[in-house]
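Below: the structure, in structure tokens.
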Amino acid sequence: MTTEMTTEETTEEMTEEPAATGNIVETAMAAGDFTTLTQALEAAGLVETLEGPGPFTVFAPTDEAFAALPEGQLEELLADPTGDLAQILQFHVIEGDVMAEDVMGMDGEMVQTLQGTEFMVEVEGETVALVDGAGNRITVVQTDIPATNGVIHAIDGVMMPPA
């Protein structure tokens, strides 16, 4: 007696983890919620870095997060993209492939960023918050968006490095 699996059963078993289809930048562009981030990465000249081999973990502000910045701040940052904007964007990137499961075990830890300074991870129940250099608590709202050179976690704010 032979047993056959239906296509639906086979697909379900094979797609537990979504497959990465592009690098960090391509994945962010395809996701649709990171339009402002990808424009800022282009302006700051960081696309090439995040298309590189990595691996990188990007805590990516959504378009809503950028829209919540004080009025005029995004325009001011984009006016000098290789200055503060580049520093802020690099503050959202850490080296390595850090999945949500790993982040959940990092409560109270300081995390070194590509920018050169650190932010703190706070875990309360199932909620992960990142505490930036200004003391702002930014919440992780979506996790484990796979890329060929790392992973993206969506956040609901824009983190600021220490002054």
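Checked against (1) open to solvent by 40 Å² or more (accessible area, probe 1.4 Å); (2) β-branched (Val, Ile, Thr); (3) modelled with pLDDT of 95 or more; (4) over 11 Å from the mean Cα position of the chain (by Cα), Val128 passes all but condition (1). From the set of residues in the range 131-144 that are touching a strand residue (DSSP E or B) at 6+ places or on another chain (Cβ under 6 Å), among the hydrophobic types (A, V, I, L, M, F, W, C) and farther than 14 Å from Thr57 by Cβ, which is most open to solvent (accessible area, probe 1.4 Å)? If we take residues in the range 131-144 being touching a strand residue (DSSP E or B) at 6+ places or on another chain (Cβ under 6 Å), among the hydrophobic types (A, V, I, L, M, F, W, C) and farther than 14 Å from Thr57 by Cβ, then Val141 is most open to solvent (accessible area, probe 1.4 Å).
Considering each residue of the range 145-157 in turn, none proves to be open to solvent by 40 Å² or more (accessible area, probe 1.4 Å) and modelled with pLDDT under 95. A single member of Ala30, Ala20 is of a type outside the set (D, E, K, R), assigned to a loop (DSSP other than H, G, I, E, B), at pLDDT below 95 and open to solvent by less than 100 Å² (accessible area, probe 1.4 Å), and it is Ala20. As for the range 143-155, it holds at least one residue that is in a strand (DSSP E or B) and farther than 18 Å from Val25 by Cβ. Given (1) modelled with pLDDT of 95 or more; (2) among the small types (Gly, Ala, Ser); (3) open to solvent by 40 Å² or more (accessible area, probe 1.4 Å), identify the lone condition not met by Ala86. So Ala86 meets the others, but not (3). Among residues belonging to the range 97-116 that are loosely packed, with under 12 Cβ neighbours inside 10 Å and out of contact with any Asp or Glu (no Cβ under 8 Å at 6 or more places or on another chain), point out the one that is nearest to Leu130 (Cα to Cα). Per the stated criteria, the residue is Gly105.
The values are calculated or read from the model by the stated rules, or taken from the named source; none is laboratory data. Note that this is a predicted model, so its numbers are computed, not measured. All Cβ positions, glycine included, derive from the backbone under ideal geometry; neighbour counts span all protein chains shown. Surface accessibility is based on the protein's heavy atoms, side chains included, excluding ligands, DNA and RNA. Shrake-Rupley method; radii C 1.70, N 1.55, O 1.52, S 1.80 Å.
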